[in-house]
Amino acid sequence: MGRRKIREEELARGLNDRHIQLIAIGGAIGVGLFLGSAQAIQLAGPAILLAYAIGGMIMFFLMRALGELALYKPVAGSFSTYASEFIAPWVGFVTGWNYWIVWVVTGMAEITAVGVYVRYWFPEIPQWIPALGALLGVYIINIIAVKLFGEFEFWFAMIKVVTIIALIVIGLVIMFTGWGNGGQIVGFSNLWTHGGFVPHGVTGILLSLQMVMFSFLGMELIGVTAGEAKDPEITLPRAINATIWRILLFYIGALAVILSLYPWNIIDGNTSPFVLTFAKVGIPAAAGIINFVVLTAALSSCNSGVFSTGRMIYTLAVHGQAPQMFSRLSSRKVPVRGLTLSAVVMLIGVLLNYVIPEKAFIYITSVATFGALWTWGIIVYAHLNYRRKRGVQVEFKMPGYPYTNWVTLLFMVMVAVLLGFNSETRIALIVGPIWILILIVSYQFVKKYHRDGSRPGS
């Protein structure tokens with residue numbers, strides 16, 4: 001299918017090194033850690049640390065594969081473009097639109113989290129009202145300029161980083177001095193004194209992987225920022241190589257401290273363990289502070305979601321796979337029309353908060369996880385074909401190729417299968433494949449438009 005490129009080079013490269021570094025960190029620390037970790041802890045107990053370690057290793061391989069592709073061709077379309085070039089045009093179409101819906105759905109999850117955390121202070125406010133306010137706020141930020149998005153994301157991420165480091169340091173002091181805990185020194189004993197380190201066996205670890213992998217959704221955003229990074233050949237490898245350290249510190253470090261301070265078997269799956277931990281040690285004011293931090297984490301991820309969906313639909317339009325009206329940029333080189341479409345669709349998340357506030361988060365995250373697994377699998381497979389066709393084009397190589405590619409792909413398939421073992425996440429295995437099938441059928445219509453000489457949206 002012939003595809004026409006339209007003004008893709010006009011996207012402003014307004015993201016510098018500090019923006020990219022903190023966007024990468026922000027993508028690694030989202031609502032999945034602050035809110036979803038409570039549900040994952042209930043499934044696996046202290047062994048959730050193993051689940052995060054395994055998932056983190058897989059994500060490191062994935063990010064290295066993406067990094068090699070991104071340095072070969074640093075474009076905003078990222079994995080959609082790579083899928084078209086190294087697998088097939090229809091796969092690029094499906095991957096682009098799938099990633100768009102993943103972030104739209106993830107944005108719904110993040111505004112759901114905003115509703116949950118605002119009710120911590122104002123329980124009488126309906127959950128959908130702060131969810132709507134959050135969506136409107138990040139939409140306005142994104143339509144102004146990419147640099148403004150980068151600044152907000154920088155400070156959102158900085159708040160999360162400082163808070164988690166503070167939690168780890170204060171937690172360690174409490175654990176080994178008893179400060180704030182009535183003088184009682186707990187050390188790490190809570191990790192194994194309540195049914196053992198693996199209280200639910202291997203099954204518990206496996207069942208927790210759905211929430212664990214959802215926590216990592218957003219790391220691949222680095223690939224999308226490549227099209228607007230000032231020096232991608234410098235900033236991208238630096239940010240990607242730090243992935244494994246971020247996971248060790250922010251996920252495993254923070255959760256190890258929390259699980260040491262607070263026995264896993266009395267953590268409420270509906271409340272953030274970050275909030276519970278500070279409340280437990282007699283610092284009630286800190287619980288409110290932590291609640292504010294996790295609120296900014298949700299806003300940060302929603303901000304990234306609006307950004308990435310706007311860029312993805314812009315790239316699809318540039319390549320004739322979306323209506324051409326979305327290929328037009330504002331005077332500040334921002335794809336405002338794509339951003340607007342994404343925000344309008346995210347309003348469905350506000351509706352879900354109004355109709356089913358109790359189940360909204362688990363339904364939304366399970367569907368988003370299926371879409372993420374597709375995207376991640378395509379990245380790794382596209383990298384396999386890239387190496388077969390072009391060999392090594394850049395110095396930033398995927399370690400362990402091709403064995404690590406296949407291990408990563410098999411892991412993604414396993415997580416997809418595990419979605420079916422939970423009655424609440426099973427919906428992802430129904431909605432996800434139907435959505436992919438709809439995209440494949442839609443591609444046939446787009447292909448026909450091109451063959452007939454017309455253009456979608458023209």
ask   = Can you find a residue in the stretch 185-198 that is under 25 Å from THR163 (Cα atoms), part of a loop (DSSP other than H, G, I, E, B) and open to solvent by 60 Å² or more (accessible area, probe 1.4 Å)?
value = yes
key: Matching residues, the stretch 146-162, being closer than 19 Å to ALA229 by Cβ and charged (D, E, K, R)   = LYS147, GLU151, GLU153
task = Give me the pairs, please: first residue somewhere in the stretch 238-261 and in contact (Cβ under 8 Å) with a residue 60 or more places away in the chain, second residue anywhere and open to solvent by 20 Å² or more (accessible area, probe 1.4 Å) and outside any helix (DSSP H, G or I), beta-carbon distance under 7 Å, and either six or more positions apart or on two chains.
result = SER260/VAL186; SER260/PHE188; LEU261/VAL186
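Taking the criterion of being on the phi < 0 side of the Ramachandran plot and at pLDDT 85 or above, would at least one residue in the stretch 347-368 satisfy it?
Within the stretch 347-368, the subset on the phi < 0 side of the Ramachandran plot is 347-368.
Those left that are additionally at pLDDT 85 or above: none.
Looking through the stretch 347-368, none of the residues is on the phi < 0 side of the Ramachandran plot and at pLDDT 85 or above.
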task = Would you check if there is a residue in the stretch 335-343 being open to solvent by 10 Å² or more (accessible area, probe 1.4 Å), over 25 Å from the mean Cα position of the chain (by Cα) and farther than 22 Å from ALA131 by Cβ?
result = no
key: Number of the exception - ASN142 against (1) open to solvent by 20 Å² or more (accessible area, probe 1.4 Å); (2) in a helix (DSSP H, G or I)   = (1)
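Taking the conditions exactly as written (over 16 Å from ALA47 (Cβ atoms), of a type outside the set (S, T, N, Q), assigned to a helix (DSSP H, G or I) and touching a residue at least 12 places away in the same chain (Cβ under 8 Å)), does LEU209 satisfy them or not? Break it down stepwise before answering.
Values: over 16 Å from ALA47 (Cβ atoms): no; of a type outside the set (S, T, N, Q): yes; assigned to a helix (DSSP H, G or I): yes; touching a residue at least 12 places away in the same chain (Cβ under 8 Å): yes.
Criteria not met by LEU209.
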task = Would you mind stating whether ALA51 is closer than 30 Å to TYR401 by Cα, modelled with pLDDT of 90 or more and not aromatic (Phe, Trp, Tyr)?
result = yes
query = What number of residues in the stretch 390-446 are assigned to a helix (DSSP H, G or I), farther than 30 Å from LEU236 by Cβ and open to solvent by 20 Å² or more (accessible area, probe 1.4 Å)?
reply = 17
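Would you point out which residue out of ILE23, ILE101 is touching a residue at least 12 places away in the same chain (Cβ under 8 Å), farther than 21 Å from LEU209 by Cα, among the β-branched types (Val, Ile, Thr) and surrounded by fewer than 24 Cβ atoms within 10 Å (Cβ to Cβ)? Outline the logic, then answer.
On the way: ILE23 fails: surrounded by fewer than 24 Cβ atoms within 10 Å (Cβ to Cβ).
On inspection, the qualifying residue turns out to be ILE101.
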ask   = Looking only at the stretch 304-323, which residues are open to solvent by 20 Å² or more (accessible area, probe 1.4 Å) and at pLDDT below 85?
value = HIS319
ask   = Any residue at all in the stretch 101-113 that is among the hydrophobic types (A, V, I, L, M, F, W, C) and not in a helix (DSSP H, G or I)?
value = no
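The values are calculated or read from the model by the stated rules, or taken from the named source; none is laboratory data. This one's a predicted model, so the numbers in the text were calculated from it and none came from an experiment. Here Cβ is always computed from backbone atoms with ideal geometry, including for glycine, and neighbour counts include all displayed protein chains. We work out accessible area using only protein heavy atoms, side chains counted, and drop any ligands, DNA or RNA first. Shrake-Rupley method; radii C 1.70, N 1.55, O 1.52, S 1.80 Å.
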